[in-house]
1. Of (1) modelled with pLDDT under 95; (2) more than 13 Å from the chain's Cα centre (by Cα); (3) at negative phi, Asp33 satisfies all except one. Which?
2. Can Ala45 be described as near the ligand (Cβ under 9 Å from one of its atoms), among the aliphatic types (A, V, I, L, M) and either surrounded by 15 or more Cβ atoms within 10 Å (Cβ to Cβ) or in the same structural domain as Arg11 (by TED's automatic domain parsing) (or both)?
3. Is at least one residue of region 10-30 within 11 Å of the ligand (Cβ to nearest atom), closer than 25 Å to Thr126 by Cα and aromatic (Phe, Trp, Tyr)?
4. Could you identify the single residue in Ala72, Ala45 that is more than 19 Å from the chain's Cα centre (by Cα), under 25 Å from Ile16 (Cα atoms) and free of Cβ contacts under 8 Å to residues at least 40 places away in the same chain?
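The values are calculated or read from the model by the stated rules, or taken from the named source; none is laboratory data. Keep in mind it's a predicted model, so treat the numbers as computed, not measured. When we count neighbours, we look across all protein chains shown, and the Cβ atoms used for this are built from the backbone with ideal geometry, even at glycine.
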Amino acid sequence: MILYQNVKNMRSNDIIKCNALINANFSENRFEDYIKTITYKKNNAIVGFVGIYDNLLNQLCTDKEYRNKGIATRILNVAKQTMKTPIFLFIDKNKQNTQYLLKFYFSNGFYIEYENDVEYKMRYDTRFEFKQIVCRIFCFLYYYCLNILDQFKQIIWDDNNANI
Ligand SMILES: CC(C)(COP(=O)(O)OP(=O)(O)OC[C@H]1O[C@@H](n2cnc3c(N)ncnc32)[C@H](O)[C@@H]1OP(=O)(O)O)[C@@H](O)C(=O)NCCC(=O)NCCS
């Protein structure tokens, strides 16, 4: 079960479980900064988590026992469906799994917007997809109009020939 909710509406038991998951995955716990969370529950235990404030995702993590099963991908998909784009997140450059994280976020549609000595700022937006849709509609209308124009030309040409 996947839940997108305000922190103030979360059950205290779930908050404890989120904190335990964050503490198991990160040296720092920023739970108090979050306005919303997306959590993934399995057998009443929280095995996936991301914290949200503004349009920033933070401390995405899954329980070690449940990795590579698509849980983080599903959490990201819920974020993409529910949050206003662009969505941002940061990857520390000095983490053991930095390269893995880069690849993971790339395959989930994020790209590097900016980097400095310590971190990458990753960005996801739907602008590109939106552009593609507009482009496709434009192409469709263009070819549709060309087709109609061709038919008109054919009718006029047929009429002219009929009059000869
Ligand atoms: C990064 C992290 C959140 C990924 O969580 P996850 O639940 O294992 O992620 P997913 O299962 O969605 O995706 C991981 C891989 O499994 C693959 N996968 C997705 N669905 C799958 C499925 N149903 N079965 C098997 N593999 C699957 C994905 O394609 C992905 O492969 P890729 O990285 O080569 O693209 C997890 O490794 C983690 O908690 N790391 C520690 C905390 C951390 O560093 N967080 C990042 C903060 S920026």
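1. Status for Asp33: all satisfied but (1).
2. Values: near the ligand (Cβ under 9 Å from one of its atoms): no; among the aliphatic types (A, V, I, L, M): yes; either surrounded by 15 or more Cβ atoms within 10 Å (Cβ to Cβ) or in the same structural domain as Arg11 (by TED's automatic domain parsing) (or both): yes.
Considered against the rule, which asks whether it is near the ligand (Cβ under 9 Å from one of its atoms), among the aliphatic types (A, V, I, L, M) and either surrounded by 15 or more Cβ atoms within 10 Å (Cβ to Cβ) or in the same structural domain as Arg11 (by TED's automatic domain parsing) (or both), Ala45 comes out as no.
3. Among the residues of region 10-30, not one is within 11 Å of the ligand (Cβ to nearest atom), closer than 25 Å to Thr126 by Cα and aromatic (Phe, Trp, Tyr), which makes the answer no.
4. Values: Ala72 fails: more than 19 Å from the chain's Cα centre (by Cα).
Every option except Ala45 fails the conditions.
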